[in-house]
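Q: Have a look at this one before I ask anything.
The values are calculated or read from the model by the stated rules, or taken from the named source; none is laboratory data. Bear in mind that the values here come from a model prediction, so they are computed numbers and not experimental data. Note: ideal-geometry Cβ built from the backbone for every residue, glycine included; neighbour counts use all protein chains shown.
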């Protein structure tokens, strides 16, 4: 597969054309950002780790009937994926209160939700990804009702697959963000699934193994990402030092 012209650069990835118009190449960067890009840094090998972690999760979901954009890993930083028309609605799946949910609703961080919560935000960096609901989605014609029904079903199914899988690895899936797109008339899961887009806590200690370590200046960010990968690949894992 030939790497073609540059298409787009996001906060954590670069996208390139390929010689197949139905496929694009994703290159994972080492850049780390938080708070709408206000906080920035470069963390060596973060892109390598997120590429491999995303490959593992996408493969797991495909094996369990979730169609994703993932085709194959091309190199330590590059992934071949289906070309999607992204639906500009970010889906946040929450099992445990943390981050913005705790701040907005006054729920102490670490509170296990009685029911899995789905939230939606508009994918728009300039507007800081504001929260939206179904009325906004339909009024703005971001997605049709039948598409949202499919997206919600898929998001909950992803959660059902990942929670027990990660539990077996000694990791608690606190919450995560998903993005979906349209590909040849189908709704397909896109973006990435990594410590950049999920909150992972060690099941025994509640040690954070995700991007919150960068957001909160905790240190040990790459070490935490490496710990997640180690466990996904069957390693015993170890403590993360700040």
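Q: Assuming residue 70 fulfils every condition listed in (1) in contact (Cβ under 8 Å) with a residue 40 or more places away in the chain; (2) at negative phi apart from one, which condition is it?
A: For residue 70, the exception is condition (1).
Q: So how many residues does the stretch 112-132 have that are surrounded by fewer than 13 Cβ atoms within 10 Å (Cβ to Cβ) and farther than 16 Å from residue 180 by Cα?
A: 8
Q: Right, next: Look through the stretch 204-217, keep the residues that are in contact with a helix residue (DSSP H, G or I) (Cβ under 7 Å, 6 or more places away or on another chain) and assigned to a loop (DSSP other than H, G, I, E, B), and return whichever of them is surrounded by the most Cβ atoms within 10 Å (Cβ to Cβ).
A: 209
Q: Yes or no: the stretch 133-156 includes at least one residue that is in contact with a strand residue (DSSP E or B) (Cβ under 9 Å, 6 or more places away or on another chain), surrounded by 12 or more Cβ atoms within 10 Å (Cβ to Cβ) and under 18 Å from residue 99 (Cα atoms).
A: No: zero hits.
Q: Hey, any hits in the stretch 157-171 for a residue that's part of a strand (DSSP E or B), surrounded by 20 or more Cβ atoms within 10 Å (Cβ to Cβ) and modelled with pLDDT of 95 or more?
A: Yes.
Q: Can you spot a residue in the stretch 38-55 that is in a loop (DSSP other than H, G, I, E, B) and modelled with pLDDT under 95?
A: Within the stretch 38-55, one or more residues are in a loop (DSSP other than H, G, I, E, B) and modelled with pLDDT under 95.
Q: Looking at the stretch 194-224 only, could you name the residues that are more than 14 Å from residue 169 (Cβ to Cβ) and in contact (Cβ under 8 Å) with a residue 60 or more places away in the chain?
A: Within the stretch 194-224, 194, 196, 199, 206, 211, 212, 214, 215, 221, 222 qualify.
Q: Which condition number does residue 90 fail, the rest of (1) touching a strand residue (DSSP E or B) at 6+ places or on another chain (Cβ under 8 Å); (2) not in a strand (DSSP E or B) being met?
A: (2)
Q: Another question, then. Restricting the search to the stretch 81-99, which residues are over 20 Å from residue 152 (Cβ atoms) and under 17 Å from the mean Cα position of the chain (by Cα)?
A: 81, 82, 98, 99
Q: Search the stretch 56-80 for residues being assigned to a helix (DSSP H, G or I) and either at pLDDT below 95 or within 15 Å of the chain's Cα centre (by Cα) (or both), and hand back the single one that is surrounded by the fewest Cβ atoms within 10 Å (Cβ to Cβ).
A: Here the answer is 59.
Q: If you go through the stretch 8-38 one residue at a time, how many are more than 19 Å from the chain's Cα centre (by Cα) and in contact (Cβ under 8 Å) with a residue 60 or more places away in the chain?
A: Summing the residues that are more than 19 Å from the chain's Cα centre (by Cα) and in contact (Cβ under 8 Å) with a residue 60 or more places away in the chain in the stretch 8-38 gives 4.
Q: Does the stretch 8-15 include one or more residues that are closer than 21 Å to residue 228 by Cα and surrounded by fewer than 13 Cβ atoms within 10 Å (Cβ to Cβ)?
A: no
Q: Ok, one more. Name the residues in the stretch 24-37 that are assigned to a strand (DSSP E or B) and closer than 16 Å to residue 75 by Cα, would you?
A: 24, 25, 26, 27, 28
Q: Here is a follow-up. Please verify whether the stretch 177-194 includes one or more residues that are farther than 30 Å from residue 21 by Cα and either over 17 Å from the mean Cα position of the chain (by Cα) or modelled with pLDDT of 95 or more (or both).
A: Looking for residues that are farther than 30 Å from residue 21 by Cα and either over 17 Å from the mean Cα position of the chain (by Cα) or modelled with pLDDT of 95 or more (or both), one finds none in the stretch 177-194, hence no.
Q: What number of residues in the stretch 108-143 are assigned to a helix (DSSP H, G or I) and more than 22 Å from the chain's Cα centre (by Cα)?
A: Residues flagged as assigned to a helix (DSSP H, G or I) and more than 22 Å from the chain's Cα centre (by Cα) within the stretch 108-143 amount to 4.
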